[in-house]
Amino acid sequence: MSSSSAESGWLSSPILKKVVTGVTGLGLTLFVLGHMIGNLTMFSGPDAYNQYAHFLVSLGPLFYAVEIGLLAFFVFHIITGIRIAMGNRRARRSRYAVRRTAGGPSRQTVASRSMIITGLLLMAFLVIHLLSFKFGPGGPGNANAAYFTTVDGVGMRDLAKLVHEKFQTPWYTFGYTIIMLLLMLHLRHGVWSALQSLGAMRPSLTPVVYTIGGLLGAGIAAGFIVMPLAIYFGFI
Ligand code: HEM
């Protein structure tokens with residue numbers, strides 16, 4: 001496929017691609033922040049965790065609308081992210097073809113290269129994650145009486161049981177820990193890059209926003225990691 005046909009279509013503008021990646025990325029950051037906080041209900045016990053998950057599902061049409069929006073955000077974020085990375089690669093190739101004395105990669109190149117790698121690994125994680133939990137035993141299209149419980153007289157999915165089972169195994173627990181560290185790196189650069197693409201930042205603010213992105217990424221990753229580790233080491 002020629003580079004011009006690869007760049008055709010309504011998402012061909014480099015600025016539009018960056019804006020779409022930035023807006024969807026910030027939206028997904030809010031989702032992971034909310035998801036992480038929700039996960040911490042496990043520290044109040046399995047019933048609290050199940051009630052929280054059940055509350056979300058019982059929102060009905062609102063819940064499904066948010067799920068569809070979330071899916072659209074993931075799809076657009078992944079498509080535009082991959083296209084930006086492909087565009088950067090093409091630009092590097094043509095630059096090297098003209099000027100063979102190019103030195104080592106710039107900090108920006110290293111950061112954007114790591115974004116596509118961490119992004120693709122997170123995408124693979126997400127597929128496994130959804131198959132294990134959302135569509136796991138007791139989930140949609142996978143009815144299983146062993147993963148059903150009753151809390152205060154209300155019947156619901158026993159998601160806490162499934163989460164406890166998964167995080168008994170070392171490869172699952174430490175695999176999640178590694179993925180959450182990748183998420184931290186992805187968020188650190190992503191938050192900075194998104195705010196820059198959206199023009200919400202003066203160059204003088206770069207160190208501040210990079211620090212905020214780093215703290216946000218580290219906070220979200222730490223919040224996600226504590227629950228699997230607490231289960232694995234038998235604290236909850
Ligand atoms: C320790 C880390 C995590 C744990 C224990 C965890 C746990 C769960 C569980 C139990 C569900 C099923 C909820 C339900 O069906 O009601 C779920 C759904 C989901 N998780 Fe995670 N999660 C973690 C990290 C992540 C991360 C890092 C992402 C994104 C990069 C993510 C994205 C999702 C998505 C998109 C769903 C489906 C939401 C929905 O449609 O209801 N999760 N997670």
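No other residue among ALA53, ALA124 is within 12 Å of the ligand (Cβ to nearest atom), modelled with pLDDT of 95 or more and either among the charged types (D, E, K, R) or loosely packed, with under 12 Cβ neighbours inside 10 Å (or both) apart from ALA124. May I ask you to say which residue of ARG107, ARG83 is modelled with pLDDT under 90, away from the ligand (no atom under 16 Å from the Cβ) and farther than 30 Å from GLY153 by Cβ? Only one candidate qualifies: ARG107.
Every test in (1) within 13 Å of the ligand (Cβ to nearest atom); (2) surrounded by fewer than 19 Cβ atoms within 10 Å (Cβ to Cβ); (3) closer than 18 Å to TYR232 by Cβ is passed by THR169 save one, and that test is (1). Summed over the stretch 194-218, residues that are modelled with pLDDT of 90 or more and either over 25 Å from VAL19 (Cα atoms) or crowded, with 18+ Cβ neighbours inside 10 Å (or both) total 3. Candidates GLY27, GLY69: the one that is more than 30 Å from GLY155 (Cβ to Cβ), more than 10 Å from the ligand (Cβ to nearest atom) and either surrounded by 17 or more Cβ atoms within 10 Å (Cβ to Cβ) or not hydrophobic (A, V, I, L, M, F, W, C) (or both) is GLY27. Here VAL19 does not fit the description of being at pLDDT 95 or above, surrounded by 15 or more Cβ atoms within 10 Å (Cβ to Cβ), away from the ligand (no atom under 16 Å from the Cβ) and not basic (Lys, Arg). If the condition is being of a type in the set (Val, Ile, Thr) and either more than 13 Å from the ligand (Cβ to nearest atom) or surrounded by fewer than 16 Cβ atoms within 10 Å (Cβ to Cβ) (or both), then the stretch 130-166 contributes THR149, THR150, VAL151, VAL154.
Reported count of residues in the stretch 195-225, each being in contact (Cβ under 8 Å) with a residue 24 or more places away in the chain and among the hydroxyl-bearing types (Ser, Thr, Tyr), is 1.
The values are calculated or read from the model by the stated rules, or taken from the named source; none is laboratory data. Please read these numbers as outputs of a predicted model, since none were measured by experiment. Methodologically, a virtual Cβ is constructed for each residue, glycine included, from the backbone with ideal geometry; neighbour enumeration extends over all protein chains shown.
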